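In what follows, a single structure is set out as structure tokens and then discussed.
The values are calculated or read from the model by the stated rules, or taken from the named source; none is laboratory data. These figures come from a predicted structure and were not determined experimentally. All Cβ positions, even for glycine, are placed from backbone atoms using ideal geometry, and neighbour counts span all protein chains on display. Areas reflect the complete protein model, heavy atoms only, side chains present, ligands, DNA and RNA absent. Shrake-Rupley method; radii C 1.70, N 1.55, O 1.52, S 1.80 Å.
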Amino acid sequence: MRLTINGQMMSLEPSPQTVADVILRLDLSVKTVVVERNQTILTREMHVHTPVHEGDILEIVHFVGGG
């Protein structure tokens, strides 16, 4: 499946089914990310229920602690 993630075309195989699958595939913690799918911001609870489709555009912002 081809998705645009943070402005870069990516091909993910096997195809992820949900936004949560994409987050796991990218090795990001679900608790520390904000996701926008096709210009709609998703709550954390929506990640596991929101499907991804060929050509979707995802913007994923993750937070890193430190100081």
Query raised in the report: Only one of these conditions is not met by VAL35: (1) open to solvent by 30 Å² or more (accessible area, probe 1.4 Å); (2) in a strand (DSSP E or B); (3) in contact with a helix residue (DSSP H, G or I) (Cβ under 7 Å, 6 or more places away or on another chain). Which number is it?
Result: (1)
**Report entry** Subset of the range 52-67 (residues that are open to solvent by 60 Å² or more (accessible area, probe 1.4 Å) and either not in a loop (DSSP other than H, G, I, E, B) or not β-branched (Val, Ile, Thr) (or both))
**Finding:** HIS53, GLU54, ILE57, GLU59, VAL61, HIS62, PHE63, GLY65, GLY66, GLY67
Query raised in the report: Pick from the range 38-50 the residues that are open to solvent by less than 60 Å² (accessible area, probe 1.4 Å) and part of a loop (DSSP other than H, G, I, E, B): which of them is modelled with the lowest pLDDT?
Result: HIS47
Report summary line: Sole miss for LEU28 among (1) open to solvent by less than 50 Å² (accessible area, probe 1.4 Å); (2) touching a strand residue (DSSP E or B) at 6+ places or on another chain (Cβ under 6 Å); (3) at pLDDT 95 or above is condition (3)
Report task. Quickly run through the range 1-19 and pick out the residues that are touching a strand residue (DSSP E or B) at 6+ places or on another chain (Cβ under 8 Å), part of a strand (DSSP E or B) and over 17 Å from PHE63 (Cα atoms). Result -> ARG2, LEU3, THR4, MET9, MET10, SER11, THR18
Query raised in the report: What do you reckon, is VAL22 open to solvent by less than 90 Å² (accessible area, probe 1.4 Å) and either in contact with a helix residue (DSSP H, G or I) (Cβ under 9 Å, 6 or more places away or on another chain) or not in a helix (DSSP H, G or I) (or both)?
Result: no
